[in-house]
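Visitor: Below are the C-alpha cells for one structure; questions will follow.
Derivation of every value follows stated rules applied to the coordinates shown; laboratory data play no part. The model shown is predicted, which means the values in this text are computed figures rather than measured ones. Glycine also receives a Cβ, built like all others from the backbone with ideal geometry; neighbour counts cover every protein chain displayed.
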Amino acid sequence: MTVLDQTRPLDLLADFPAIPQGWAYLDTAATAQKPRPVIDAITRAYDTSYATVHRGVYQRSADMTLAYEAARRRVAGFIGAASADQIVFVRGATEGINLVAQSWGQRLGPGDRILLSALEHHSNIVPWQLLRDRTGAEIDVIPLTADGQVDLVAAEAMIGPQHKLVALAHVSNVLGSILDVRRAADMAHAVGAKLLVDGCQAVPRLAVDVATLGADFYVFSGHKLYGPTGVGVLWAKAEILDSMPPWQGGGSMIDRVTFERTTYAPAPARFEAGTPHITGALGLHAAIDYVEAIGLDAIHAHEAALVRLTREALGNLNSVRLFGPENSAGIVSFAVEGVHPHDVGTILDEEQVAIRAGHHCAQPLMDVLGVPATARASFGVYNGEQDVARLVRGIERVTRIFG
Ligand SMILES: Cc1ncc(COP(=O)(O)O)c(C=O)c1O
C-alpha cells in the first residue's frame, strides 16, 4: 500500500475514550465518537449546573438559559447564520426536514413540484412523500452522473416555475459526493423555488457558511459532528422562518393561550415546543468548539487524504468495486465481488474494523447502483493510515475466505 504523505495525522485518538487501542472505527458517517471535552461538558451540566431553561425564576435556571442560548449563538457563528434567531434546535436532521415539510410545506398544493435527487437519504425523501400525499404536490428526481454526483446539468433542464422546493444532500452519506450548493441555489432561485440542504454529512467535513452557499434551509445532526444524539439544527432565512406556522404545539412556543385562541412566540421558540434537549445543546456547543479548534479545512484535508489512500489501496484489489467520485468527502462505498456486504462487515468486525454494510437509508440509490447494499468506510478526525491498513488487510482476508 502506498503511504501518502498528505495524510497529515491529526493524532487525536487520545481524546476519544470510547475508541480502544487497535480498533478501527470507520463508521463516522453513521455517528461520530465523542471527544472528552464533549463528554465533560454534558457530565458537568448534569453534575453541577442542571436546571430547566426559559422558565425558572431562580438563578440556576437563569444560568442554564444563558448557556442554552449561548449554544444557539455558537451554532449560528459556526455556520455563518446572520442571527441566533435563525437557529431552531431540533432532534436531528430528520426532524429538521420533517419540520420544514410539515410547516413550510403547508403552502404547497396540486400543480406544485418538489425536486430531489437519486442519492438522498430516506429522511430527505419520505417527509416529502408524506407532504405529497397530504397536498397533491408531485416529486421529481434528479439523476446522477456516472461517478455518483447530483447531475446539476440535468437538474437545470428539469426545473421549472412549478417547482417550489429543491431538497438535496450537501454530501452523500453513501458516496461522499459533494454538491455544488451555490449552483443548486442559483438554479432553484431562478425559478422562484427554495433550496433545502441536508448538511448532515457536510458539517463534520467541510467549512459551511450558509450565507455564501445561498441555501434557504440548512439542517444537520449534532451526533455526526462529534456532539450528542438527540440534538440537531434547522437554519432558515429569517423571512422564511417568520412566514412559517408552528408544527407542534405545547409549552414554550406560545405567546398567550386561552381556550378560544392561542397566539405564538416568534421564531425560533415557535418551533421548539416542550422542554428542549438542554444538555444536548451544551454538548453540541462543546463539539463545535472542538472541531473549530482543529479547523474544518484541516479536517477536510485529513479525510480527503484517507479517502485517496483507501481508494488507491482497495482499487488495487481485483475483487473490489468502488462507488462514488474520486474526491469524495470522507466516505468510501465499495463492494467485494461475490460477497454480501454484511459478510464483509462481519469478517471485518473479527479484524477489529467497524464499517457499515447495508442500504444506508438510501434504497433508491442502491437501485441506481444496481446493488442491494454496499460496504461503507467513513472517516473521522480520529482515523489514520493505520485504520486504512487494517481495512485493506481485512478485505484481503474476505477475498481469501470467499475464494
Ligand atoms: C445525509 C443524511 N441525511 C440525514 C440523515 C439523518 O440523520 P439523523 O438520523 O441524525 O436525523 C443522515 C444520517 O445518516 C444522513 O447521513
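Visitor: What length, rounded to one decimal in nm, is gained on full extension from Gln352 through to Ala211, with 0.36 nm per residue of separation minus their alpha-carbon distance? Don't jump to the answer; show the numbers that get you there.
Guide: Working: separation 141, 0.36 × 141 = 50.76 nm, distance 4.18 nm.
The span from Gln352 to Ala211 would gain 46.6 nm if fully extended.
Visitor: Okay, next question. If you split all Cα-Cα distances of the chain into 10 Å bins from zero, what percentages do you get per bin, shortest first?
Guide: Percent of Cα pairs in each bin: 5, 22, 30, 25, 14, 4, 1, 0.
Visitor: Could I have the simple spin-label model distance between Arg36 and Asp85, label points 7 Å from Cα toward Cβ, reported in nm to one decimal?
Guide: Output for this residue pair reads 4.1 nm.
Visitor: Would you grab the residues whose amide H sits under 5 Å from the one on Gly80? Only those 5+ places off in sequence or on another chain, please, with H modelled 1.01 Å from N.
Guide: It is Val210, by chain and number.
Visitor: Still on this structure: Between Ala70 and Asp180, how high is the FRET efficiency from 1/(1 + (r/R0)^6) when r is the Cβ-Cβ distance and R₀ = 41 Å? Nearest 0.05.
Guide: Details: r = 33 Å, r/R0 = 0.82.
Here the calculated transfer efficiency is 0.75.
Visitor: Among Phe379, Phe220, Phe78, determine the one that fluctuates most according to a GNM of the chain built with springs between C-alpha atoms less than 10 Å apart.
Guide: Top of the fluctuation ranking is Phe78.
Visitor: Between Ile139 and Asp297, what length comes free when the chain is fully extended (0.36 nm per residue of separation minus the Cα-Cα distance, one decimal in nm)? Write out the running numbers ahead of the final one.
Guide: On the way: separation 158, 0.36 × 158 = 56.88 nm, distance 3.53 nm.
Result: 53.3 nm gained on full extension.
Visitor: Right, next: At 7 Å along the Cα-to-beta-carbon direction for both Ala190 and Met158, put a label point, then send me their distance in nm to one decimal.
Guide: 1.5
Visitor: Can you give the percent of C-alpha pairs in segment 129-203 whose distance is more than 17 Å? Please list the in-between numbers first.
Guide: Values: 1258 of 2775 pairs.
Here the tail beyond 17 Å accounts for 45 percent of pairs.
Visitor: On average over all directions, what projected area in square nanometres does segment 1-134 have, based on the convex hull of its Cα atoms? Could you put the intermediate results ahead of the total?
Guide: On the way: hull surface 55.8 nm².
Projected over every direction and averaged, the Cα hull of segment 1-134 covers 13.9 nm².
Visitor: Moving on. Quick one: if the Förster radius is 30 Å, what FRET efficiency do Gln386 and Asn318 give, using the C-beta to C-beta distance and rounding to 0.05?
Guide: 0.80
Visitor: Using a 10 Å cut-off around each Cβ, can you sort Asp140, Asp216, Asp112 from fewest to most neighbouring Cβ atoms?
Guide: Numbers: Asp140 16, Asp216 23, Asp112 19.
With the fewest neighbours first, Asp140, Asp216, Asp112 line up as Asp140, Asp112, Asp216.
Visitor: Also: How big is D for segment 82-133, in µm² s⁻¹ as a whole number, if Stokes-Einstein is applied with the Kirkwood radius of its Cα pairs at 25 °C and 0.890 mPa s? Let's see the in-between values first.
Guide: Working: Rh = 12.2 Å.
This corresponds to a translational diffusion coefficient of 201 µm²/s.
Visitor: Considering Cα pairs under 8 angstrom that are at least six residues apart, work out the relative contact order of segment 40-292 and quote it in whole percent.
Guide: On the way: 492 pairs, mean separation 59.0, N = 253.
After rounding, I find 23 percent.
Visitor: Taking K and R as +1 and D and E as -1, what net charge do the other residues with C-beta under 13 Å from the C-beta of Leu115 add up to? If you can, show how the numbers build up before the last one.
Guide: Working: positive: Arg113, Arg132, Lys164, Lys194; negative: Asp112, Glu120, Glu138, Asp140, Asp151, Glu156.
Net of charged neighbours comes to -2.
Visitor: Another one. For segment 145-268, what is the Kirkwood estimate of the hydrodynamic radius, computed as the reciprocal of the mean inverse distance between distinct Cα atoms, to one decimal in Å? It would help to have the intermediate numbers written out before the result.
Guide: Details: mean 1/r = 0.0610 Å⁻¹.
One decimal place: 16.4 Å for the Kirkwood radius.
Visitor: Here is a follow-up. For Lys194, go through the lysines and keep the ones whose alpha-carbon is under 17 Å away, minus same-chain ones fewer than eight residues off.
Guide: List returned: Lys164, Lys237.
Visitor: Shifting gears a bit: Given 0.36 nm per residue, what is the gain on full extension from Ala146 to Asp242 after removing their alpha carbon distance, in nm? Could you put the intermediate results ahead of the total?
Guide: Values: separation 96, 0.36 × 96 = 34.56 nm, distance 4.04 nm.
Using 0.36 nm per residue and subtracting the Cα-Cα distance, I get 30.5 nm.
Visitor: With both bridge residues required to lie in the chain, what share of the DSSP beta bridges run antiparallel, to the nearest 5%? Don't jump to the answer; show the numbers that get you there.
Guide: On the way: 25 of 44 bridges.
So the antiparallel bridges amount to about 55 percent of the total.
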